[in-house]
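The values are calculated or read from the model by the stated rules, or taken from the named source; none is laboratory data. All of these numbers come straight from a predicted model, not from anything done at the bench. Here Cβ is always computed from backbone atoms with ideal geometry, including for glycine, and neighbour counts include all displayed protein chains.
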Amino acid sequence: MTTTERRIALVIGATGGIGGEAASALVRHGWTVRALTRRAQPAQNTKLAGVEWIQGDAMVAADVARAARGVGLIVHAANPPGYRNWGKLVLPMIDNTIAAAKAEGARILLPGTVYNFGLETFPLIDETAPQVPTTRKGKIRVEMERRLKAASTQGAPVLIVRAADFFGPHAGNNWFGQLVIKPGAPVKSVTEPAAKGLAHAWAYLPDLAETMARLLDRADRLAAFEVFHFGGHLLAWGEMAASVRRVTGQPKLPVMGFPWWLVVALSPVVRVFGEMAEMRYLWREPMVLDDRKLQAFLGEVPHTPLDFAVGASLWALGCLENPRPARQGGARRVAVEG
């Protein structure tokens, strides 16, 4: 039985943002989904209905191998929270996933990041752009993809879907839910991390996960090592804040600039600030992921209207008192000729 026929998936990192959305999307597309988790989950997880939870650790090769028995797909969405211990955790975890995928002949799906790229590839980055990062995390991500490419020649095909900054109802560790707004209370201000006059790309996680599921529905057309860029919402400075204002009904909601000067000043003594400062270049230079390959492959790319996406995110983060917004109809990014 081929991996395309064996529609059983293991999601590593399903309690996180993209892992959880990927698990939900795969269930909707007819997959049997397992999720590896270090902590016991409720038998009926309302956020991830239809997912079978398997207790284990992505850092333990035997746990990953046990959870992966019989699967045709492993979604590797594991990511150390808060930038902690990247050097010690990220590569061992991907090695365990690769080993399990090889043993089962399963495809690996990796949510890719823009960390892989240095400024020489800006502003428009396609799938063939050279990966010469200058940051520590960027170099780790490049090594992950190098190992995955090698695995794709050894019986474990690979699909990488690369996106920019995440936001969404359950986005986990991300700029929107931690810095753009303050979760857990009505919105009193919005922070714009990007430099004024600069557009920034945002990936709404339900759209990204649906895109991944649609790509896997066409697995027979995928190469052994396949990379797609997901464009998402490209927003000029102030557009995200304007959407928050509309959704919350506060047209005069204050818009603040992000205090990068403070982050840089404290980076030598506050580790998380040091990690943030290292990635500051992504907010100071124009950068767009060229998704024409994805549009041509799918024909239409899931693209939720911005205000609905922002409203759903704010509602899930506890920032809206009114009921969750009803979905607006139909908008999709459609492939264009030329």
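Quick notes on this one:
- Pair list, Cβ < 7 Å and 6+ apart or interchain, from region 182-199 residues that are among the hydroxyl-bearing types (Ser, Thr, Tyr) to residues that are part of a loop (DSSP other than H, G, I, E, B): Ser189/Leu253; Ser189/Pro254; Thr191/Phe258
- Glu210 surrounded by fewer than 24 Cβ atoms within 10 Å (Cβ to Cβ), within 23 Å of Tyr115 (Cα to Cα) and at pLDDT 95 or above: yes
- Filtered residues of region 191-226 (kept if β-branched (Val, Ile, Thr) and assigned by TED's automatic domain parsing to the domain that holds Trp260): Thr191
- Annotation: of all residues in region 283-315 being acidic (Asp, Glu) and in contact with a strand residue (DSSP E or B) (Cβ under 8 Å, 6 or more places away or on another chain), the one that is farthest from Trp261 (Cα to Cα) is Glu300.
- Filter pass, Ala195 being in contact with a Phe, Trp or Tyr (Cβ under 7 Å, 6 or more places away or on another chain) and closer than 21 Å to Met279 by Cα: yes
- Criterion violated by Leu234 - all others in (1) over 21 Å from Asp126 (Cα atoms); (2) out of contact with any helix residue (DSSP H, G or I) (no Cβ under 9 Å at 6 or more places or on another chain) satisfied: (1)
- A single entry from Gly70, Gly105 fulfils the requirement of being loosely packed, with under 14 Cβ neighbours inside 10 Å and either farther than 22 Å from Glu143 by Cβ or of a type in the set (S, T, N, Q) (or both): Gly70.
- Looking across region 153-186 at every residue that is more than 18 Å from the chain's Cα centre (by Cα) and surrounded by 20 or more Cβ atoms within 10 Å (Cβ to Cβ), the one that is nearest to Ala203 (Cα to Cα) is identified as Ile181.
- Tally, over region 215-252, of residues that are surrounded by 18 or more Cβ atoms within 10 Å (Cβ to Cβ) and more than 22 Å from the chain's Cα centre (by Cα): 4
- Answer residue from region 257-309, given it is crowded, with 17+ Cβ neighbours inside 10 Å, modelled with pLDDT under 85 and small (Gly, Ala, Ser) and is nearest to Glu120 (Cα to Cα) among those: Ala277
- Taking strands (runs of 3 or more DSSP E) as the structural unit, those lying wholly within region 66-177 and holding at least 2 residues that are among the β-branched types (Val, Ile, Thr) and either out of contact with any His (no Cβ under 7 Å at 6 or more places or on another chain) or free of Cβ contacts under 8 Å to residues at least 40 places away in the same chain (or both) correspond to 73-76, 158-162.
- Restricted to region 5-61, the set of strands (runs of 3 or more DSSP E) holding at least 2 residues that are under 16 Å from Ala101 (Cβ atoms) and either in contact with a strand residue (DSSP E or B) (Cβ under 7 Å, 6 or more places away or on another chain) or modelled with pLDDT of 95 or more (or both) comprises 8-12, 32-37.
- Just one of the listed residues (Ala199, Ala194, Ala150) is touching a strand residue (DSSP E or B) at 6+ places or on another chain (Cβ under 7 Å) and surrounded by fewer than 20 Cβ atoms within 10 Å (Cβ to Cβ), and it is Ala199.
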